[in-house]
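Below: one structure, written as structure tokens.
Just so you know, all these numbers are worked out from the coordinates, no wet-lab data involved. Treat the numbers as computed from the prediction; the structure is a model and nothing was measured. Every residue, glycine as well, gets a Cβ built from its backbone with ideal geometry; the counts of neighbours run over all protein chains shown.
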Amino acid sequence: MREIWLRTNRRAIWFGTLPPAMLALLGGWLVVRPDASQNDLLWWIGTALVLGGGGLVAALLTQLRQPRISYDDGRVLFHLVWGPPLAVPAELVEAFFLGQGPTMLAGRHADHEPTVNLVARLSQREPEWHHRAVKPGLGGWHDGYVTIRGTWCEPLGGELIRRLNRRLREVCEQDTINGTD
């Protein structure tokens, strides 16, 4: 059973649903307004706005359930790509710690404003895990370090890092006891 270790930034997702929801509402008004039957073009535009805006809202709301890091069956799952997460054997994840990096948000000065990031250090003894292609806006994976941008996850702090490292230690010890190491 999958255990969520790090959640996504729910506030950003809820905020991101506002523009497509407004488009869907505008489209709904175009469809149901009193003189809608007199202008087929506006009715079709309204229908397209309802479908498009509603589809975007639904897609964003599915992201609320998508964690950034989870654990399942001896593997730490990094949700930094479209599709299935990148699964790393738990014993290869050495530690989690805080780092700093660019926000990767749009705007003139956005990349000059640093954000707190979560970094997972992977074992140097397994070089095949040192590099993976991930969605750059969500993080990076280079030289055995997995970086998750703080902009797109729950608020990061010392207590969260302690909880992640404690849980990582617990699952690795349990795997050793069970002989799955």
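Extension gain, A59 to F97: 0.36 nm times the residue separation minus the Cα-Cα distance gives 10.6 nm. How many percent of the alpha carbon pairs in the chain exceed a separation of 28 Å? Tail fraction, whole percent: 39.
Taking a Cβ cut-off of under 13 Å around E159, the surrounding Lys, Arg, Asp and Glu residues balance to a net charge of +3, with basic ones at +1 and acidic ones at -1. The mean sequence separation of alpha-carbon pairs under 8 Å and at least six residues apart, normalised by the residue count of the stretch 5-63, gives a relative contact order of 44 percent.
Residue order for E94, E128, E173, fewest other beta carbons within 10 angstrom first, comes to E128, E173, E94.
If you sort the three axes of the alpha carbon gyration tensor as a ≥ b ≥ c, you get a/c of 1.5 or more for the stretch 1-107 and a/b above b/c, which makes it prolate.
In the chain, which helices (entire DSSP H runs) extend 27 Å or more along their own long axis, judged by Cα positions, while averaging at least 0.0 on the Kyte-Doolittle scale? In the chain, the long hydrophobic H runs are 40-62. Helix content alone sets the calculated 222 nm mean residue ellipticity of the chain: runs of n ≥ 4 DSSP H residues at -39500 (n - 2.57) each, divided across all residues, give -12000 deg cm²/dmol.
Which residue fluctuates most in the GNM of the chain (Cα springs below 10 Å): L41, L56, L168? Checking each option, the largest mean-square fluctuation is seen for L41.
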